[in-house]
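Trainee: Supplied in structure tokens, the structure appears directly below.
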Amino acid sequence: MASNYLEFQFKIHPPVPASEILIAELGSLGFESFVENEDGVTAYILKEEFNENMLTEVRILDSDEFKISYSSSEIQQVNWNEEWEKNFQPIVVDDICSVRAPFHPKPETEFDIVIEPKMSFGTGHHATTHMMIQFILKNEWKGKSVLDMGCGTGVLAILSSQKGANPVEAIDIDNWCYLNSLENIERNNVPEISVKEGGAELLGEKKYDVIIANINRNILLNDMQKYVSVLQPDGDLYLSGFYKEDIPIIQEACEKLGLKFQENLEKDKWVAVKFSL
Ligand SMILES: C[S@@+](CC[C@H](N)C(=O)[O-])C[C@H]1O[C@@H](n2cnc3c(N)ncnc32)[C@H](O)[C@@H]1O
């Protein structure tokens, strides 16, 4: 791919495992291809698509815990696949589920998900994806209707389908993630998964046995009511994308909507929580 791109180095001070939230925000602003490094994230955006207001949006992520700074430079050519091949290692969750790129050898695990992430979130490397995979692995999924909100690469929707969920639907607000999920679903030869581009406004009358949403605290708080309105009685809602200290606010919002806390997983300060109606 040869285009005029801006390359941004975003540094997180002090370095904390917050880069995936930064990546999710950058992705929704129109940045492409993200490479995580020790200090933060390198991200790219087409020069004509960049505007200064985007950096104001990024600064809103600053908190008591960390601050984000950046520098930028203009570049002519990016080979995104080479970037990923340098940076993307396969992962194995609980010895039974691998998430890997097409160029990695086939593993022996029971579940094998092949993802070409390009610039979408969801390689399984991040704690939140890892924990959502653990939840899917350890709970009954067979025959259940599953909605994956904020599907990224489609990794959780693909695993849901491999675990026997049917039908599976996936939604992401980002055009790149929508397209990338379609590609990855085809690559994994799973039964048809419906993918839509948008947010909670796409949810209508149809109800689901299970909803999984790994997004971020504020979007979850904002959209949770809509999610619950399309959850079957006795349905389960699995949420991630927030820190342990956010559990009380998430739990309070869920309980107001009639959900009961079931269980939470914790990894690198991040949590994933299961609620049931
Ligand atoms: C943290 S990533 C999770 C990706 C994948 N599900 C995983 O677990 O690895 C969050 C995803 O949510 C999407 N997203 C952000 N806001 C959203 C919204 N309001 N509705 C739906 N998707 C959204 C982002 O584009 C991003 O792909």
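The values are calculated or read from the model by the stated rules, or taken from the named source; none is laboratory data. No experiment lies behind these values; they were computed from the predicted model shown. Neighbour counts run over all protein chains shown; Cβ positions are idealised from the backbone, glycine included. Calculation scope for accessible area: heavy atoms of the full protein, side chains included, ligands and nucleic acids excluded. Shrake-Rupley method; radii C 1.70, N 1.55, O 1.52, S 1.80 Å.
Trainee: Would you please list the contacts, defined by Cβ atoms under 6 Å and residues six or more apart or on different chains, that run from a residue in the stretch 226-237 that is over 18 Å from G204 (Cβ atoms) to a residue that is buried (at least 22 other Cβ atoms within 10 Å of the Cβ)?
Mentor: D236/V210
Trainee: With the stretch 162-277 as the region, which strands (runs of 3 or more DSSP E) entirely inside it contain at least 3 residues that are touching a Gly at 6+ places or on another chain (Cβ under 9 Å)?
Mentor: Hits in the stretch 162-277: 168-172, 208-214, 270-276.
Trainee: Listed residues I136, I96; which is open to solvent by less than 30 Å² (accessible area, probe 1.4 Å), among the β-branched types (V, I, T) and modelled with pLDDT of 90 or more?
Mentor: Working: I96 fails: open to solvent by less than 30 Å² (accessible area, probe 1.4 Å).
I136 is the lone residue from the list that is open to solvent by less than 30 Å² (accessible area, probe 1.4 Å), among the β-branched types (V, I, T) and modelled with pLDDT of 90 or more.
Trainee: If I filter the stretch 139-155 for residues that are open to solvent by 10 Å² or more (accessible area, probe 1.4 Å), farther than 24 Å from Q89 by Cα, touching a Pro at 6+ places or on another chain (Cβ under 6 Å) and not assigned by TED's automatic domain parsing to the domain that holds L26, do I get at least one hit?
Mentor: Here is the first cut: in the stretch 139-155, the ones open to solvent by 10 Å² or more (accessible area, probe 1.4 Å) are 139-140, 142-145, 150.
Then keep just the ones that are farther than 24 Å from Q89 by Cα; that gives 139-140, 142-145.
Then keep just the ones that are touching a Pro at 6+ places or on another chain (Cβ under 6 Å); that gives 145.
Narrowing further to those that are not assigned by TED's automatic domain parsing to the domain that holds L26: 145.
Within the stretch 139-155, one or more residues are open to solvent by 10 Å² or more (accessible area, probe 1.4 Å), farther than 24 Å from Q89 by Cα, touching a Pro at 6+ places or on another chain (Cβ under 6 Å) and not assigned by TED's automatic domain parsing to the domain that holds L26.
Trainee: If you don't mind, another one. Which ones in the stretch 164-174 are open to solvent by 70 Å² or more (accessible area, probe 1.4 Å) and near the ligand (Cβ under 9 Å from one of its atoms)? Walk me through it before giving the result.
Mentor: Restricting attention to the stretch 164-174, the residues satisfying the condition of being open to solvent by 70 Å² or more (accessible area, probe 1.4 Å) are 166, 173.
Scanning the stretch 164-174 gives a single hit, I173.
Trainee: List pairs: first in the stretch 187-212 and in the same structural domain as S240 (by TED's automatic domain parsing), second open to solvent by 80 Å² or more (accessible area, probe 1.4 Å) and of a type in the set (V, I, T), Cβ under 8 Å, 6+ apart or cross-chain?
Mentor: E197/I173; G198/I173; G199/I173
Trainee: Is there any pair with a first residue in the stretch 149-174 that is touching a residue at least 12 places away in the same chain (Cβ under 8 Å) and a second that is more than 8 Å from the ligand (Cβ to nearest atom) and hydroxyl-bearing (S, T, Y) whose Cβ atoms are under 6 Å apart and which are 6 or more apart or on different chains, and what are they?
Mentor: If the second residue must be more than 8 Å from the ligand (Cβ to nearest atom) and hydroxyl-bearing (S, T, Y), the pairs left are C151/S181; G154/S181; P167/S145; V168/S160; V168/S161; E169/S194; A170/S181; D172/Y178.
Trainee: Just for the stretch 208-223: of the residues that are within 11 Å of the ligand (Cβ to nearest atom) and open to solvent by less than 20 Å² (accessible area, probe 1.4 Å), which one is farthest from Q134 (Cα to Cα)?
Mentor: If we take residues in the stretch 208-223 being within 11 Å of the ligand (Cβ to nearest atom) and open to solvent by less than 20 Å² (accessible area, probe 1.4 Å), then L220 is farthest from Q134 (Cα to Cα).
Trainee: With the checklist (1) farther than 19 Å from A24 by Cβ; (2) crowded, with 22+ Cβ neighbours inside 10 Å; (3) polar (S, T, N, Q) in hand, flag the one item N189 doesn't pass.
Mentor: Going through the list (1) farther than 19 Å from A24 by Cβ; (2) crowded, with 22+ Cβ neighbours inside 10 Å; (3) polar (S, T, N, Q), N189 breaks only (2).
Trainee: Having 1 or more residues that are open to solvent by 70 Å² or more (accessible area, probe 1.4 Å) and at pLDDT 80 or above is the bar; report the strands (runs of 3 or more DSSP E) wholly within the stretch 1-90 that clear it.
Mentor: On the way: elements: 2-13, 32-36, 40-46, 67-77.
Hits in the stretch 1-90: 2-13, 67-77.
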